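Chemist: Let me give you the structure first, and then I'll get to my questions.
Read-outs throughout are calculated quantities, based only on the coordinates presented, and are distinct from any laboratory measurement. Source: prediction; values computed, not measured. Using ideal geometry, Cβ is built from the backbone for each residue, glycine included, and neighbour counts are taken over all protein chains shown.
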Amino acid sequence: MKIIKAVLLIIALTTLLHAKSPFTLTGVKSYYPVVELHSDRIDKKYKKIVLDSLIEMSNELGVNTNNFSSRSLTFLINYISVGDILALKVSLVLGEDVMRLDTKDEIFVLAYAKSRIFVVENIEDDLMDNVEDLLEEFAEQYREDQL
């Protein structure tokens, strides 16, 4: 009996190790793409560049971004202080309004979230490399969750 429990525990842990994130993207067919820059140190031109990348990836996945949706996929970009070092934090967040089953209250929840913090040497290269990495990770999980 102990061997069966040990084997089941190992299988469960192995399954958890291969999960991309604790979130699921099953059933996501549309969202509203948004890019928020929370710093004056970041040139506004990056907002359009990042938004275009987000829309392009969404089109490749077949996700509708043409109409307003209560669900939004958002890039949040801001500088943060890490000790004496100034770093850039880039987050990709999917949020939506849902209704609680017990109270019927409508609440805003995060259906997906992933962040990166890095020290900037070249803003354009560093920012876009991290944006593209986050988009690739999202797209990979999206494809897997739609199977």
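Chemist: Please say if the stretch 25-102 is rounded, prolate or oblate, where rounded means a/c under 1.5 for a ≥ b ≥ c the square roots of the C-alpha gyration tensor eigenvalues, and otherwise the choice is prolate for a/b larger than b/c and oblate otherwise? Spell out each step's value before the answer.
Modeler: Values: a/c = 2.69, a/b = 1.55, b/c = 1.73.
Oblate.
Chemist: Right, here's the next one. Which order, highest average first, do 36-45, 70-79 follow once you tally other Cβ atoms within 10 Å for each residue and take the mean per peptide? Present the calculation step by step, with values, prior to reporting the outcome.
Modeler: Values: 36-45: 11.8, 70-79: 17.9.
Answer by packing, highest mean first, reads 70-79, 36-45.
Chemist: Quick check: from the Cα gyration tensor, does the stretch 14-147 come out rounded (a/c under 1.5), prolate or oblate?
Modeler: Working: a/c = 1.56, a/b = 1.53, b/c = 1.02.
Note, shape of the stretch 14-147 comes out prolate.
Chemist: In addition: Add -39500 (n - 2.57) for each DSSP H run of 4 or more in the chain, then divide by its residues: what number comes out at 222 nm, to the nearest 500 deg cm²/dmol?
Modeler: On the way: 3 runs with 56 residues, N = 147.
About -13000 deg cm²/dmol.
Chemist: May I pose another question? Too long at a 19 Å Cα-Cα cut-off: which of K47/K89; K45/K89; K45/K114; K29/K104? It would help to have the intermediate numbers written out before the result.
Modeler: Values: K47/K89 14 Å; K45/K89 17 Å; K45/K114 23 Å; K29/K104 24 Å.
Result: K45/K114; K29/K104 exceed 19 Å.
Chemist: Test of understanding: what is the full-extension gain from E36 to D97, defined as 0.36 nm times their sequence separation minus their Cα-Cα distance? The partial results should precede the final answer.
Modeler: Numbers: separation 61, 0.36 × 61 = 21.96 nm, distance 1.91 nm.
So the chain would gain 20.0 nm between E36 and D97.
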